[in-house]
Amino acid sequence: MMKQIHKTLVLAGSLAALLSLGGCATTALVDGGRGAVLPDQATVQNELQGRAFTLGRVYLDITKPTDKSSHVLPDDAYVKLLRSQLETAFRNAGLSQGKQPAYSVDVAINEMRFVNGSMPMHVGVLKATPIVHNERQEKVVSVPLRAMDGGSFLDVNPGKENMAHRFNIPGMGVLVTHLLESLRSGKTVESSVRGPVSWYLLNKTNNYGLHMLSPEETERLAGIRLDDYR
């Protein structure tokens, strides 16, 4: 039985603690709103534990529009970048191995705000929802996630707007993959979010081969020239 959860679960502490680092980090939020589908323990054990997962669609489904100046690259460039990070993470995590048939995972990008954040310190946000479908194309899991990049004012300068995604995109790759690994290990969403996953990317302790994106990687993976978007 699925249950709709109308509460917010925060992974790894408060935003204040995040920003106190004075640099960039990645945290996450499970926003259990009306669109969330969080499977109960029985569903996890019967359907998701040990399950193989494959990456389906990665696409835009913007639910909170922001000014284009907050994400200056073409929209499809961000889709390509996120897809590349998910493909790498899925492969390195071995998500395609497991109980068959494999369940398909679509990832919808819901919000992009990489520059011009709020508060005295810059706060960039990438919100995306991994949606897991079973072999009957029924929605089994849908969890809105939020990757946040917090940096001091010293870390934000006019020359970096076209690279402001450098933490958020791989950060979301880590979060989605971590969620799926937790489900296939038999954990519910509620129990899997209690670990300190916010520091995976910053401390390079993730096992998925993801790291801060470089300008060269951004150009190659997105098929663009950054000089065209300064």
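The values are calculated or read from the model by the stated rules, or taken from the named source; none is laboratory data. Predicted model only: the values in this text are computed from it and were never measured. For the accessible areas, the whole protein counts, side chains as well, though only heavy atoms, and no ligand, DNA or RNA atoms are used. Shrake-Rupley method; radii C 1.70, N 1.55, O 1.52, S 1.80 Å.
List of remarks:
- Residue 184 - accessible surface, heavy atoms, 1.4 Å probe, Å² rounded to 10: 60 Å²
- For the set 103, 229, the ranking by accessible area, highest first and with no ligand, DNA or RNA atoms included, is 229, 103 under a 1.4 Å probe.
- Rounded accessible area per residue of the stretch 45-133, 1.4 Å, Å²: 42 Å²
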